[in-house]
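The values are calculated or read from the model by the stated rules, or taken from the named source; none is laboratory data. Just so it is clear, the structure is predicted and the values come from calculations on it, not from any experiment. Cβ atoms come from the backbone with ideal geometry, glycine included; neighbour counts cover every protein chain shown.
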Amino acid sequence: MKTIEDLQVAGQRVFVRADLNVPLSGGEITDDGRIRAVAPTIAKLVQAGARVVVASHLGRPKGEPDPQFSLAPVAVRLGEILGVPVAFATDTVGESAKATVAALADGEVTLLENLRFNAGETAKDDAERGAFADELAALADVYVGDGFGAVHRKHASVYDLPARLPHAVGDLIATEVGVLKRLTDEVARPYVVVLGGSKVSDKVGVIDNLLGKADRILIGGGMAFTFLAAQGHEVGTSLLQKDQIPTVLEYLERAKANGVEFVIPVDAVVSGGFPDLKTKAPVEDRRVVDADKIPADALGLDIGPKSGELFASRIADAGTVFWNGPMGVFEHPAFADGTKAVAGALLDSDAFTVVGGGDSAAAVRILGFDETEFGHISTGGGASLEYLEGKTLPGLAALEG
């Protein structure tokens, strides 16, 4: 894949497909990690005299404008991080976009409105998607793909647009791909994979692929209760995917046959119901129980302290650690200890540590850990998982052409 250094960008309109899909609350950005991650690529283009046209999606609008998913707050924050003004186009390929891009001088930046306000961005129909890509291509001379969190999507700005312009990868994607190769081709062992989050079904592909590659797989989060149920334990009102139990049993058997160690929680933090994440009100009935003694009326919301210690012991001697998915409802202090334990274990380890994007990356920041202490924090949870599943990612394939 070509890099920015392989392109002539001075005086050129450079379309940068970024991933600025940041969480918003009341119009305020609550985690600007993805903006900061792509800022160095944009700054490099600014320094090179490019006329930078940045585009991204945010949320899941229904193919038409929706004010709650506007990128306007992102334009402000991007300008603050870059230290230069960022003009904002109030549409994506309409009159505002055309006028804003036309007004750019060398070294200036504009951000287009949410790509997904246009049905063509996510269309399944190739012709509809291609027509939208044609409109985007008219705004630029060169394409730089740097939205790693979107490269697993066959969307117009990710897959179709690179074919219409000279193109290259940005520094963020180049870094992400380099890290993922270290997780697949150049693995320092023991190789420990820590998986959390809510559903087993979200991780089926990556578990299936890693059963022949990882040395240990540690299971936490809501998905752990399906593993516990597969072992015959009561899980109360905890999240349970009964339809995944046969798959879990198969994985446990394959792991044993392949010499892969599965580590499942030995205790859990439970409550009578889901906590209030807005007020963070204290949970009066929070209690720790053994994993095989979860009451029938209890809801599991975190791995317990003995599990945290067990997980840390299985991470301590690792050569490589990949972590995707929190261990519990980390957004509430009563159920954040398991996620803190895993993050702390990664920091205490001498391993090459990768935090696989999504909620894991958000947890690291929200819980106050120093991001620079980890080997790498990915900007793409879904993209990272699909790469580790061995899938071809449409956005990367398009940039290789």
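A few notes on this one:
- Residues in the stretch 164-180 that are of a type in the set (A, V, I, L, M) and part of a helix (DSSP H, G or I) were compared, and the one that is nearest to Leu388 (Cα to Cα) is Leu180.
- With respect to the conditions (1) among the hydroxyl-bearing types (Ser, Thr, Tyr); (2) touching a residue at least 60 places away in the same chain (Cβ under 8 Å); (3) surrounded by fewer than 18 Cβ atoms within 10 Å (Cβ to Cβ), Ser201 falls short on a single one, namely (2).
- Selected residue [of a type in the set (D, E, K, R) and surrounded by 18 or more Cβ atoms within 10 Å (Cβ to Cβ)] from Asp290, Asp267, Asp285: Asp267
- Residue count, the stretch 181-240 (criterion: more than 19 Å from Gly358 (Cα to Cα), at pLDDT below 90 and assigned to a loop (DSSP other than H, G, I, E, B)): 3
- Test: Ala127 is more than 23 Å from Val38 (Cα to Cα), touching a residue at least 24 places away in the same chain (Cβ under 8 Å) and not charged (D, E, K, R): no
- Residue check for Val76: surrounded by fewer than 16 Cβ atoms within 10 Å (Cβ to Cβ), at pLDDT 95 or above and not charged (D, E, K, R): yes
- Residue in the stretch 295-329 that is surrounded by the most Cβ atoms within 10 Å (Cβ to Cβ), counting only those that are farther than 19 Å from Ser384 by Cβ and touching a Leu at 6+ places or on another chain (Cβ under 8 Å): Gly300
- For the stretch 219-253, the set of residues classified as in contact with an Asp or Glu (Cβ under 9 Å, 6 or more places away or on another chain), surrounded by 19 or more Cβ atoms within 10 Å (Cβ to Cβ) and under 14 Å from Pro265 (Cα atoms) consists of Gly220, Gly221, Met223, Leu228, listed by residue number.
- Of all the listed residues (Thr392, Thr372), the sole one being without any contact (Cβ under 8 Å) to a residue 12 or more places away in the chain, farther than 26 Å from Val204 by Cα and surrounded by fewer than 24 Cβ atoms within 10 Å (Cβ to Cβ) is Thr372.
- Residues being within 12 Å of Phe322 (Cβ to Cβ) and among the charged types (D, E, K, R) - total across the stretch 204-213: 1
- Residue identified as within 18 Å of Ala361 (Cβ to Cβ), in contact with a Ser or Thr (Cβ under 9 Å, 6 or more places away or on another chain) and not aliphatic (A, V, I, L, M) among Gly63, Gly33, Gly59: Gly33
- In the stretch 37-66, residue farthest from Tyr143 (Cα to Cα) [restricted to those that are free of Cβ contacts under 8 Å to residues at least 60 places away in the same chain and within 14 Å of the chain's Cα centre (by Cα)]: Gly59
- Residues of the stretch 277-310 classified as under 23 Å from Ala343 (Cα atoms), charged (D, E, K, R) and at pLDDT below 95, total: 1
- The residue that is nearest to Tyr251 (Cα to Cα), among those in the stretch 182-197 that are surrounded by fewer than 17 Cβ atoms within 10 Å (Cβ to Cβ) and of a type outside the set (Lys, Arg), is Thr184.
So that you can scan it fast, the table gives a plain yes or no per residue for (1) within 23 Å of Leu165 (Cβ to Cβ); (2) outside any helix (DSSP H, G or I); (3) at pLDDT 95 or above:
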site: Asp19; (1), (2), (3): yes, yes, yes
site: Asp31; (1), (2), (3): no, yes, no
site: Ile35; (1), (2), (3): no, no, yes
site: Ala39; (1), (2), (3): yes, no, yes
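- Of Thr237, Thr175, Thr184, Thr226, all but one fail to be hydroxyl-bearing (Ser, Thr, Tyr) and within 17 Å of the chain's Cα centre (by Cα); the exception is Thr175.
- Scope the stretch 130-163; condition of a type in the set (D, E, K, R), assigned to a helix (DSSP H, G or I) and surrounded by fewer than 23 Cβ atoms within 10 Å (Cβ to Cβ); matching residues: Asp134, Glu135
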